[in-house]
Amino acid sequence: MKNLKTLGIDLAKNVFQVHGTDSKGKRVLSKRLSREKLIQFMVNLSPCLVGIEACTGAHYWARLLGSMGHTVKMMAPQFVKPYVRSNKNDRNDARGIAEAVTRPDMKFVPIKKVEQQDILLLHRARELVIKQKTAQANQIRGLLAEYGVIIPKGISHIDNMVTILEDNKDKLTIKSHQIFMRLYKQFKIYTKQVDAYDKEIEQVAVKDPMCREIMKIEGVGPLTASAAVATIGDAKLFKNGREVSAWLGLVPKQHSSGNTIRLSGITKRGDRYVRKLLINGGRAVVKNCENKTDKRSLWVTDKKHRSGYNKAAVAVANKNARIIWAILASGECYRKSVSQTH
(Lines give C-alpha, C1' and ligand atoms only; values in the text may rest on other atoms or scores of the structure.)
Protein backbone atom coordinates (compact mmCIF):
# COMPACT_ATOMS: atom_id res chain seq x y z
CA MET A 1 0.00 0.00 0.00
CA LYS A 2 2.35 2.73 -1.31
CA ASN A 3 -0.01 5.70 -0.89
CA LEU A 4 -0.49 5.06 2.86
CA LYS A 5 1.44 7.74 4.78
CA THR A 6 -0.24 7.87 8.21
CA LEU A 7 -1.67 5.05 10.30
CA GLY A 8 -3.72 5.34 13.49
CA ILE A 9 -3.91 2.22 15.68
CA ASP A 10 -6.44 1.78 18.48
CA LEU A 11 -4.54 -0.56 20.81
CA ALA A 12 -6.17 -3.37 22.80
CA LYS A 13 -5.29 -6.83 24.14
CA ASN A 14 -6.48 -9.04 21.30
CA VAL A 15 -8.35 -7.02 18.63
CA PHE A 16 -6.86 -3.88 17.03
CA GLN A 17 -8.49 -1.28 14.78
CA VAL A 18 -6.29 0.45 12.19
CA HIS A 19 -7.08 3.55 10.12
CA GLY A 20 -4.76 4.64 7.28
CA THR A 21 -4.68 7.89 5.32
CA ASP A 22 -2.69 9.22 2.36
CA SER A 23 -0.64 12.42 2.19
CA LYS A 24 -3.84 14.51 1.81
CA GLY A 25 -5.55 12.93 4.83
CA LYS A 26 -7.96 10.86 2.77
CA ARG A 27 -8.86 7.40 4.11
CA VAL A 28 -7.24 4.51 2.23
CA LEU A 29 -7.52 1.80 4.89
CA SER A 30 -9.83 0.83 7.74
CA LYS A 31 -9.72 -2.69 9.14
CA ARG A 32 -9.87 -4.80 12.27
CA LEU A 33 -6.91 -7.09 13.01
CA SER A 34 -5.98 -9.69 15.61
CA ARG A 35 -2.72 -9.41 17.56
CA GLU A 36 -0.82 -11.84 15.30
CA LYS A 37 -2.28 -10.37 12.10
CA LEU A 38 -1.32 -6.82 13.16
CA ILE A 39 2.36 -7.77 13.55
CA GLN A 40 2.32 -9.51 10.17
CA PHE A 41 0.55 -6.51 8.56
CA MET A 42 3.03 -3.97 9.99
CA VAL A 43 6.07 -6.04 8.90
CA ASN A 44 4.86 -6.03 5.29
CA LEU A 45 3.82 -2.34 5.35
CA SER A 46 6.12 0.36 3.94
CA PRO A 47 7.56 2.68 6.63
CA CYS A 48 5.00 5.33 7.62
CA LEU A 49 3.94 7.60 10.49
CA VAL A 50 2.13 5.55 13.16
CA GLY A 51 0.04 7.15 15.90
CA ILE A 52 -0.98 5.35 19.10
CA GLU A 53 -2.53 6.37 22.42
CA ALA A 54 -0.53 6.09 25.66
CA CYS A 55 -2.14 3.09 27.38
CA THR A 56 -1.34 -0.40 28.68
CA GLY A 57 1.29 -1.99 26.43
CA ALA A 58 1.78 1.18 24.36
CA HIS A 59 5.54 1.41 25.02
CA TYR A 60 6.01 -2.22 23.94
CA TRP A 61 4.14 -1.59 20.67
CA ALA A 62 6.03 1.67 20.08
CA ARG A 63 9.39 -0.13 20.39
CA LEU A 64 8.23 -3.07 18.26
CA LEU A 65 6.81 -0.92 15.44
CA GLY A 66 9.85 1.36 15.60
CA SER A 67 12.12 -1.65 15.06
CA MET A 68 10.17 -2.37 11.84
CA GLY A 69 11.19 1.03 10.42
CA HIS A 70 8.02 2.99 11.22
CA THR A 71 7.99 6.43 12.87
CA VAL A 72 5.92 5.90 16.01
CA LYS A 73 4.39 8.78 17.99
CA MET A 74 2.46 8.32 21.22
CA MET A 75 -0.18 10.74 22.52
CA ALA A 76 -2.09 11.17 25.77
CA PRO A 77 -5.75 10.03 25.36
CA GLN A 78 -7.11 13.43 26.52
CA PHE A 79 -5.34 15.12 23.57
CA VAL A 80 -6.79 12.61 21.09
CA LYS A 81 -10.38 12.88 22.35
CA PRO A 82 -11.18 16.21 20.57
CA TYR A 83 -10.44 14.53 17.22
CA VAL A 84 -12.86 11.62 17.80
CA ARG A 85 -16.05 12.37 15.86
CA SER A 86 -19.57 11.14 16.58
CA ASN A 87 -20.01 8.11 18.87
CA LYS A 88 -17.13 6.38 20.60
CA ASN A 89 -16.10 3.08 19.02
CA ASP A 90 -12.84 1.47 17.88
CA ARG A 91 -13.21 2.69 14.28
CA ASN A 92 -13.79 6.32 15.29
CA ASP A 93 -10.99 6.12 17.86
CA ALA A 94 -8.49 4.90 15.24
CA ARG A 95 -9.60 7.66 12.85
CA GLY A 96 -9.17 10.27 15.61
CA ILE A 97 -5.68 8.97 16.40
CA ALA A 98 -4.68 9.10 12.71
CA GLU A 99 -5.81 12.72 12.53
CA ALA A 100 -4.35 13.82 15.88
CA VAL A 101 -0.86 12.46 15.12
CA THR A 102 -0.53 14.77 12.09
CA ARG A 103 -1.23 17.98 14.09
CA PRO A 104 1.91 20.18 14.15
CA ASP A 105 1.25 21.42 17.72
CA MET A 106 0.43 18.00 19.22
CA LYS A 107 2.34 17.05 22.38
CA PHE A 108 3.76 13.55 22.29
CA VAL A 109 4.63 11.12 25.09
CA PRO A 110 8.31 10.01 25.23
CA ILE A 111 8.72 6.30 24.39
CA LYS A 112 10.37 4.37 27.24
CA LYS A 113 13.21 1.92 26.75
CA VAL A 114 13.05 -1.56 28.33
CA GLU A 115 15.67 -0.49 30.90
CA GLN A 116 13.49 2.42 32.00
CA GLN A 117 10.50 0.11 32.38
CA ASP A 118 12.61 -2.28 34.48
CA ILE A 119 13.43 0.52 36.94
CA LEU A 120 9.81 1.67 37.08
CA LEU A 121 8.74 -1.95 37.62
CA LEU A 122 10.89 -1.97 40.77
CA HIS A 123 9.11 1.15 42.00
CA ARG A 124 5.63 -0.22 41.20
CA ALA A 125 6.40 -3.50 42.98
CA ARG A 126 7.68 -1.58 46.02
CA GLU A 127 4.53 0.57 46.09
CA LEU A 128 2.35 -2.56 45.98
CA VAL A 129 4.20 -4.16 48.92
CA ILE A 130 3.91 -0.91 50.94
CA LYS A 131 0.13 -0.91 50.36
CA GLN A 132 -0.07 -4.57 51.44
CA LYS A 133 2.05 -3.82 54.52
CA THR A 134 -0.16 -0.88 55.49
CA ALA A 135 -3.32 -2.95 54.95
CA GLN A 136 -1.88 -5.75 57.11
CA ALA A 137 -1.02 -3.28 59.88
CA ASN A 138 -4.52 -1.75 59.77
CA GLN A 139 -6.13 -5.20 59.89
CA ILE A 140 -4.05 -6.21 62.93
CA ARG A 141 -4.92 -2.92 64.64
CA GLY A 142 -8.65 -3.29 63.90
CA LEU A 143 -8.86 -6.96 64.96
CA LEU A 144 -6.98 -6.29 68.21
CA ALA A 145 -9.41 -3.43 68.97
CA GLU A 146 -12.22 -6.03 68.90
CA TYR A 147 -10.51 -7.68 71.88
CA GLY A 148 -10.05 -4.37 73.69
CA VAL A 149 -6.36 -4.01 72.80
CA ILE A 150 -5.55 -0.54 71.41
CA ILE A 151 -2.24 0.10 69.60
CA PRO A 152 -0.94 3.72 69.50
CA LYS A 153 -0.81 5.61 66.17
CA GLY A 154 2.06 4.86 63.80
CA ILE A 155 3.01 1.76 61.88
CA SER A 156 6.24 1.43 63.93
CA HIS A 157 4.20 0.30 66.97
CA ILE A 158 3.25 -2.91 65.09
CA ASP A 159 6.92 -3.95 65.48
CA ASN A 160 6.23 -4.31 69.24
CA MET A 161 3.53 -6.93 68.53
CA VAL A 162 5.08 -9.67 70.67
CA THR A 163 5.27 -7.37 73.70
CA ILE A 164 1.71 -6.07 73.11
CA LEU A 165 0.32 -9.63 72.96
CA GLU A 166 2.23 -10.64 76.10
CA ASP A 167 0.98 -7.59 78.04
CA ASN A 168 -2.64 -8.33 77.05
CA LYS A 169 -2.65 -12.12 77.60
CA ASP A 170 -5.69 -11.89 79.87
CA LYS A 171 -7.80 -10.37 77.03
CA LEU A 172 -6.85 -12.95 74.39
CA THR A 173 -7.56 -16.64 73.94
CA ILE A 174 -4.90 -19.16 72.90
CA LYS A 175 -6.49 -19.36 69.42
CA SER A 176 -6.58 -15.57 68.89
CA HIS A 177 -2.95 -15.26 70.11
CA GLN A 178 -1.83 -17.79 67.47
CA ILE A 179 -3.73 -16.00 64.68
CA PHE A 180 -2.30 -12.61 65.66
CA MET A 181 1.23 -14.07 65.61
CA ARG A 182 0.56 -15.43 62.13
CA LEU A 183 -0.64 -12.00 60.96
CA TYR A 184 2.45 -10.40 62.51
CA LYS A 185 4.76 -12.86 60.67
CA GLN A 186 3.12 -11.84 57.38
CA PHE A 187 3.66 -8.16 58.33
CA LYS A 188 7.38 -8.85 58.87
CA ILE A 189 7.59 -10.54 55.43
CA TYR A 190 6.22 -7.35 53.83
CA THR A 191 8.77 -5.26 55.80
CA LYS A 192 11.65 -7.42 54.50
CA GLN A 193 10.35 -7.12 50.93
CA VAL A 194 10.21 -3.30 51.17
CA ASP A 195 13.79 -3.23 52.52
CA ALA A 196 14.94 -5.50 49.66
CA TYR A 197 13.33 -3.24 47.05
CA ASP A 198 14.86 -0.14 48.70
CA LYS A 199 18.35 -1.69 48.52
CA GLU A 200 17.87 -2.71 44.89
CA ILE A 201 16.66 0.78 43.89
CA GLU A 202 19.60 2.34 45.77
CA GLN A 203 22.04 0.09 43.90
CA VAL A 204 20.50 1.12 40.57
CA ALA A 205 20.76 4.82 41.51
CA VAL A 206 24.39 4.55 42.67
CA LYS A 207 25.46 2.82 39.42
CA ASP A 208 23.82 5.46 37.18
CA PRO A 209 25.99 8.63 36.82
CA MET A 210 22.93 10.82 36.14
CA CYS A 211 21.19 9.54 39.26
CA ARG A 212 24.32 10.20 41.33
CA GLU A 213 24.42 13.78 40.09
CA ILE A 214 20.68 14.33 40.69
CA MET A 215 20.99 12.96 44.25
CA LYS A 216 23.20 15.95 45.10
CA ILE A 217 20.05 18.13 44.92
CA GLU A 218 18.52 18.84 48.35
CA GLY A 219 15.32 16.81 48.75
CA VAL A 220 16.21 14.18 46.13
CA GLY A 221 17.24 10.66 47.20
CA PRO A 222 17.73 7.34 45.37
CA LEU A 223 13.97 6.75 45.00
CA THR A 224 13.25 10.16 43.44
CA ALA A 225 16.40 10.19 41.30
CA SER A 226 15.87 6.74 39.76
CA ALA A 227 12.12 7.29 39.23
CA ALA A 228 12.67 10.72 37.64
CA VAL A 229 15.41 9.50 35.26
CA ALA A 230 13.35 6.46 34.20
CA THR A 231 10.15 8.49 33.76
CA ILE A 232 11.59 11.51 31.91
CA GLY A 233 13.92 9.48 29.68
CA ASP A 234 15.26 11.76 26.93
CA ALA A 235 15.14 15.24 28.52
CA LYS A 236 15.87 16.92 25.17
CA LEU A 237 12.30 16.13 24.07
CA PHE A 238 11.21 18.90 26.46
CA LYS A 239 11.80 22.54 25.52
CA ASN A 240 12.69 23.72 29.03
CA GLY A 241 12.41 22.95 32.72
CA ARG A 242 8.98 24.51 33.04
CA GLU A 243 7.62 22.07 30.47
CA VAL A 244 8.82 19.17 32.66
CA SER A 245 7.26 20.64 35.82
CA ALA A 246 4.00 21.21 33.88
CA TRP A 247 4.21 17.63 32.53
CA LEU A 248 4.44 16.41 36.15
CA GLY A 249 1.48 18.59 37.23
CA LEU A 250 3.51 20.92 39.49
CA VAL A 251 2.34 24.24 37.99
CA PRO A 252 -0.80 26.25 38.91
CA LYS A 253 -4.10 25.43 37.25
CA GLN A 254 -5.26 28.36 35.12
CA HIS A 255 -8.80 29.51 34.39
CA SER A 256 -8.28 32.93 32.82
CA SER A 257 -10.26 35.10 30.42
CA GLY A 258 -9.36 38.48 28.93
CA ASN A 259 -7.41 40.51 31.48
CA THR A 260 -8.70 38.42 34.37
CA ILE A 261 -6.07 35.88 35.41
CA ARG A 262 -7.24 33.16 37.77
CA LEU A 263 -4.70 30.72 39.19
CA SER A 264 -5.63 27.94 41.59
CA GLY A 265 -3.92 24.81 42.96
CA ILE A 266 -1.49 22.68 40.96
CA THR A 267 -2.88 20.79 37.94
CA LYS A 268 -1.83 17.31 39.25
CA ARG A 269 -1.41 16.11 35.66
CA GLY A 270 1.10 13.50 34.58
CA ASP A 271 2.90 10.92 36.68
CA ARG A 272 1.41 10.92 40.17
CA TYR A 273 4.19 8.78 41.66
CA VAL A 274 7.11 11.04 40.64
CA ARG A 275 5.13 14.13 41.71
CA LYS A 276 4.53 12.55 45.15
CA LEU A 277 8.25 11.76 45.58
CA LEU A 278 9.28 15.32 44.59
CA ILE A 279 6.75 16.92 46.97
CA ASN A 280 7.77 14.62 49.86
CA GLY A 281 11.38 15.59 49.20
CA GLY A 282 10.27 19.25 49.16
CA ARG A 283 8.67 18.78 52.59
CA ALA A 284 11.96 17.49 53.99
CA VAL A 285 13.79 20.56 52.61
CA VAL A 286 11.18 22.98 54.04
CA LYS A 287 11.34 21.25 57.43
CA ASN A 288 15.13 21.66 57.72
CA CYS A 289 15.69 25.08 56.09
CA GLU A 290 15.44 27.38 59.13
CA ASN A 291 19.03 27.24 60.42
CA LYS A 292 20.76 27.24 57.02
CA THR A 293 22.30 30.34 55.43
CA ASP A 294 22.80 29.33 51.77
CA LYS A 295 20.83 31.19 49.10
CA ARG A 296 18.47 28.32 48.35
CA SER A 297 17.59 27.73 52.04
CA LEU A 298 16.95 31.45 52.56
CA TRP A 299 14.58 31.40 49.57
CA VAL A 300 12.76 28.34 50.97
CA THR A 301 12.49 29.95 54.42
CA ASP A 302 11.06 33.15 52.92
CA LYS A 303 8.59 31.13 50.81
CA LYS A 304 7.55 29.14 53.89
CA HIS A 305 6.84 32.30 55.93
CA ARG A 306 4.97 34.02 53.09
CA SER A 307 2.99 31.13 51.59
CA GLY A 308 2.91 28.39 54.21
CA TYR A 309 4.49 24.96 54.59
CA ASN A 310 2.61 23.08 51.83
CA LYS A 311 3.00 25.72 49.11
CA ALA A 312 6.69 26.03 49.93
CA ALA A 313 7.08 22.24 49.58
CA VAL A 314 5.40 22.32 46.14
CA ALA A 315 7.61 25.29 45.12
CA VAL A 316 10.72 23.27 46.07
CA ALA A 317 9.37 20.25 44.13
CA ASN A 318 8.79 22.49 41.09
CA LYS A 319 12.31 23.90 41.31
CA ASN A 320 13.82 20.42 41.75
CA ALA A 321 11.96 19.14 38.67
CA ARG A 322 13.46 21.99 36.61
CA ILE A 323 16.97 21.33 37.99
CA ILE A 324 16.62 17.61 37.18
CA TRP A 325 15.68 18.51 33.60
CA ALA A 326 18.67 20.88 33.31
CA ILE A 327 21.09 18.16 34.50
CA LEU A 328 19.60 15.51 32.20
CA ALA A 329 19.42 17.80 29.15
CA SER A 330 22.85 19.42 29.46
CA GLY A 331 24.83 16.69 31.24
CA GLU A 332 26.29 19.35 33.57
CA CYS A 333 27.07 18.82 37.26
CA TYR A 334 24.80 20.18 39.98
CA ARG A 335 26.08 23.49 41.35
CA LYS A 336 25.13 23.74 45.00
CA SER A 337 24.29 27.19 46.35
CA VAL A 338 26.95 28.71 48.63
CA SER A 339 26.23 29.95 52.15
CA GLN A 340 25.96 33.72 52.52
CA THR A 341 28.16 35.47 55.08
CA HIS A 342 26.73 38.38 57.04
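Some points to look at:
- Proximal aspartates and glutamates relative to K133, as straight alpha-carbon distance under 15 Å, when same-chain residues fewer than 8 apart are discounted: D159, D195, D198
- Taking only the C-alpha atoms of region 179-234, the Rg (one decimal) and the largest Cα-Cα distance, Dmax (whole number), read 15.4, 51 Å.
- Exposure ranking of Y309, Y83 by accessible area [1.4 Å probe, largest first]: Y309, Y83
- Solvent-accessible surface (1.4 angstrom probe) belonging to Y190, in square angstrom, nearest 10: 40 Å²
- Percent accessible area from carbon and sulfur atoms, region 1-100, protein chains only, probe 1.4 Å: 49 percent
- Net length gained if the chain between K81 and L33 were fully extended (0.36 nm per residue, minus Cα distance): 15.0 nm
- Mean accessible surface per residue for the chain, computed with a 1.4 Å probe while every protein chain stays in place, in Å²: 59 Å²
- FRET E, pair A12, T71, Förster distance 22 Å, beta-carbon r, rounded to 0.05: 0.50
- D (Stokes-Einstein, µm²/s), Kirkwood Cα radius, region 225-270, 1.306 mPa s at 10 °C: 132 µm²/s
- Compactness of the chain as Cα Rg over 2.2 N^0.38 Å, two decimals: 1.27
- Working from Cα pairs under 8 Å separated by at least six residues, relative contact order for the chain is 12 percent.
- For region 1-157, the extents of the C-alpha atoms along the principal axes are 75, 36, 31 Å, listed from largest to smallest.
The values are calculated or read from the model by the stated rules, or taken from the named source; none is laboratory data. What you see is a predicted model; the values in this text were computed from it and never measured. Every residue, glycine as well, gets a Cβ built from its backbone with ideal geometry; the counts of neighbours run over all protein chains shown. Note: areas computed on protein heavy atoms with side chains; ligands, DNA, RNA excluded. Shrake-Rupley method; radii C 1.70, N 1.55, O 1.52, S 1.80 Å.
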